[in-house]
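Colleague: Below you'll find the structure I mean.
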Amino acid sequence: MTTAVPTRTSAPLGRLAAAEVRWVLRRPRTLVLLALLGLIPVALGIGIALTGGPGAGEDGDGPGLVAAVAGNGLVLPIAALGLALALLLPLTVATASADALAGEASHGTLRGLLLAPVGRGRLVVMKAAGVLAVAVLAVVVVAVVGVITGMVVVGGPSGTLITLSGTTLGLGEALGRVALVAGWTIGQLLAVAAVALAISSFTEHPLVVLAAVLGGLIVFGVLAAIPSLEWLQPLLLTTGWGAGTDALRDPLPLDGLASSSLRALVYLVLGVAVTVVRMRRRDG
Amino acid sequence: MTAATSRPSTSQAPAPPDATVAARVRGLRKTFGSTVAIDDVDLDVPAGAVLGMLGPNGSGKTTLIRMLLGLTRPTAGTVELLGHGGDDLAAALPDVGALVEGPGFHPFLSGRDNLLRCAATEPRLDGDLRGPVDAALERVGLADAARRRYRGYSLGMKQRLGLAAALLVPRRLVVLDEPTNGLDPAGTRDVRRVVADLRDAGATVLLSSHLLAEVEAVCTHVAVLQTGTLLVSGELRALLDADTGGLVVSTPDVDDAILALREAGAPSYRADGGVAVPPGSLEAPEIVAALVGAGVAVWEVHRRRAHLEELFARLTEEDA
């Protein structure tokens, strides 16, 4: 039953976060993006099953990640995560971040949250919970659908994974590698999401956030391609985005995954800090 | 919050909390660039009052309300809400219900789901949130449309949902910015009823409007804003009485009455249904005595009630 709580000046944080996650997951665009993400490994798997087969067995370190999937189904989730990280996953978390603050402001609902009052610090926590849920769910969808598609459609040497180095991993270790790449991908996405949230806290136009994030990723790509700007590369978030492939090597090289995760952490901290500072002063 | 972070405008000692005042602003000023939106406004909203804030479009009503609720930072001056001020202003907000700048909801959710989301953020609610949500929907007459998507709501239904959000919790102060916007006559009546209920329950209501008849019908106090300045504020009845338009005598013998009053020393003129006597000459008993003495039939003598419309027109035109 409902009881009045005369002394409390803010709703419990758990209830706020739960309400936020429920709201995010009921939004049609979130569901559409998650469905699209689920299609990536399926399309990849079907494509490889149709065209791959016997001819794709050219071994060695050379062929691309996608080629390595042929007849080696457990590589599929890792390849799919790599593909999705190029565009669709950042788009998904940027959309969530854009709706979290800019979208609420444009609907006039940010005012309601400030007047409740949620509390300006708690508002950032609540919004971060929603974005985090989207990032985790998006990666989990790609990984899980990827594993299932890989085992069912592509198949492979009886639940094992052949690494790029030519060794064979058992099912348990293979799934561990998939989980490692999934976790690493979530970390990279959270960096994107934090920067997007910071932009979101300055505008009431969600499209500005999307344009800034996707435009930023493209600019990063261009900068990385200019040889004379090579010194910039350690600063660019996208520099380490190929490191997911490392999980397919044996023994596992951790330096690429670690350095890109560290870089993501820096972006994450900066993004959250800017968001918190900005939201303390933002007009509702 | 430490003392070191408090801003200069809050360092001047605020007046001690006053239980008879629900909201108080002192020296409030807000500028946007070179535009002065609110200029040095002092205003008290007495506890238990229904205060109507009047003013033409762009007079600063909404800006004043936004500063009162902490949505906009004042350029200068202080705000006190239910005894809380400065950096502590938000502590008053759980007891404040507000509908500011139109209703804000998510189009893909139903009205009820939107309210459930609002309820989850209300500090004063605990346990099952559906009870208060359904009660609020019932109260604003939206129970039948509660499960339809907000996207399909009419303007009036959206307004009603905004009102429901303000009424989710028993409030000490309810702030309604243009509450009857887009409402049909039945909706306007509903808002009047809700305001009357709130007043009867002891809540203070601050409502802004440009509909004078609406304010006159429900308010006990008024404040009139023009171009960011407070022209007048106070009890509605006192303001109208001070602005009274003299006496009206109902009589079938208009010409005789005018003649008799002129002789008695009271200038008068023909008016709707009789003779009007402007204030400042004779009092009612003297006028009746003069008319009866002259053999003029008198049906009725009453004080002409000033209407808010006239008061408002006089105030805003005087200043313009």
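Read-outs throughout are calculated quantities, based only on the coordinates presented, and are distinct from any laboratory measurement. Remember, predicted model here, so these are calculated numbers, not experimental data. Using ideal geometry, Cβ is built from the backbone for each residue, glycine included, and neighbour counts are taken over all protein chains shown.
Colleague: So what's the angle, to the nearest 10 degrees on a 0 to 90 scale, between helix A:28-51 and the longest Cα principal axis of chain A?
Modeller: Here the helix axis deviates by roughly 0 degrees.
Colleague: Between residue B:297 and residue A:42, how many nm apart are label points set 7 Å from Cα along the C-beta direction?
Modeller: Inter-label distance under the simple model: 9.2 nm.
Colleague: Dipole magnitude of segment B:170-320 about its Cα centre, charges +1 at Lys/Arg Cβ and -1 at Asp/Glu Cβ only, in debye to the nearest 20?
Modeller: For this selection, approximately 480 debye.
Colleague: Would you work out the Kirkwood radius for chain B? I mean one over the mean of 1/r across all pairs of different Cα atoms, in Å.
Modeller: In chain B this quantity evaluates to 22.2 Å.
Colleague: Pick out, from A:43, A:212, A:174, the residue whose Cα sits farthest towards the positive end of the charge dipole of chain A, with +1 on the Cβ of Lys and Arg and -1 on the Cβ of Asp and Glu.
Modeller: Value computed over the given set: A:212.
Colleague: Give the Rg/Rh ratio for segment A:240-284, taking Rg as the radius of gyration of the Cα atoms and Rh as the Kirkwood radius, to two decimals.
Modeller: 1.31
Colleague: What's the FRET efficiency of residue B:229 with residue B:149 using the Cβ-Cβ distance as r and R₀ = 45 Å, to the nearest 0.05?
Modeller: After rounding to 0.05, the efficiency reads 0.55.
Colleague: To continue, here is another question. For peptide B:108-119, how many partner chain Cβ atoms fall within 10 Å of a residue's Cβ, on average?
Modeller: Neighbouring Cβ atoms belonging to other protein chains average 3 per residue here.
Colleague: Sticking with this structure for a sec: What's the angle, to the nearest 10 degrees (0 to 90), between helix B:130-139's Cα axis and the longest principal axis of chain B?
Modeller: Helix B:130-139 sits roughly 20 degrees off the main axis of chain B.
Colleague: Right, another one. Stretched out fully, how many nm does the piece from residue A:265 to residue A:280 gain, at 0.36 nm a residue minus the Cα gap?
Modeller: Full-extension gain reported as 3.1 nm.
Colleague: Under a point spin-label approximation (7 Å from Cα along Cα-to-Cβ), what is the residue B:317-residue A:230 distance to one decimal in nm?
Modeller: Result for the modelled spin labels: 8.2 nm.
Colleague: Within 10 Å of each Cβ in peptide B:122-132, how many partner chain Cβ atoms are there on average? Round it to a whole number, please.
Modeller: So the per-residue partner count for this stretch is 6.
Colleague: A further question on this structure: To check you understand DSSP bridge types, tell me what percent of the beta bridges within the protein assembly as shown (both residues inside) are antiparallel, rounded to 5.
Modeller: Taking every DSSP beta bridge with both residues in the protein assembly as shown, the antiparallel ones total about 65 percent.
Colleague: Continuing with this model, one more query. Using the Cα centre as the reference, give the magnitude of the dipole from point charges on the C-beta atoms of chain A (Lys, Arg: +1; Asp, Glu: -1; all else neutral), rounded to the nearest 20 debye.
Modeller: 1560
Colleague: How shielded is A:115-128 by partner chains, expressed as the average number of their Cβ atoms within 10 Å of its Cβ atoms?
Modeller: Taking all residues of A:115-128 together, the mean is 4.
Colleague: State the Kirkwood hydrodynamic radius of the protein assembly as shown in Å, one decimal place, computed from all pairs of distinct Cα atoms.
Modeller: That comes to 28.7 Å for the protein assembly as shown.
Colleague: Give the percent of DSSP beta bridges with both residues in chain B that are antiparallel, rounded to the nearest 5.
Modeller: 65
Colleague: For the pair residue A:158 and residue B:20, what calculated FRET efficiency results from E = 1/(1 + (r/R0)^6), where r is the Cβ-Cβ distance and R0 = 60 Å, to the nearest 0.05?
Modeller: After rounding, the FRET efficiency stands at 0.15.
Colleague: What's the extension gain from residue B:75 to residue B:101 if we count 0.36 nm per residue and subtract their Cα-Cα distance?
Modeller: Contour length minus the Cα-Cα distance gives 7.3 nm.
Colleague: Further, regarding this structure: In what sequence do A:260, A:165, A:201, B:34 fall when counting other Cβ within 10 Å, fewest first?
Modeller: B:34, A:165, A:260, A:201
Colleague: Could I ask something else about it? Given the options B:62, B:20, B:121, which has the most mean-square fluctuation in a GNM of chain B, springs set between C-alpha atoms less than 10 angstrom apart?
Modeller: Judging by the Gaussian network model, the answer is B:121.
Colleague: A further question on this structure: Relative to the longest principal axis of chain A, what angle (0 to 90°, nearest 10) does the C-alpha long axis of helix A:206-225 take?
Modeller: 40
Colleague: Per residue, what volume in Å³ does the Cα convex hull of chain A take up?
Modeller: Taking the convex hull of the Cα positions in chain A, it is 155 Å³ per residue.
Colleague: Run the numbers for residue B:130 and residue B:262: contour at 0.36 nm per residue of separation, minus the present Cα-Cα distance, in nm.
Modeller: 40.5 nm
Colleague: In straight Cα distance, which lysines are under 18 Å from residue B:61, not counting same-chain residues fewer than 8 positions off?
Modeller: B:30
Colleague: Next up: Taking 7 Å along the Cα-to-C-beta vector as the label spot, tell me the residue B:138-residue B:288 distance in nanometres, rounded to one decimal.
Modeller: 5.1
Colleague: On to the next question. Note down the magnitude of the dipole of the protein assembly as shown about its Cα centre, charges +1 on Lys and Arg C-beta and -1 on Asp and Glu C-beta and zero elsewhere, to the nearest 20 debye.
Modeller: Value, rounded to 20: 1660 debye.
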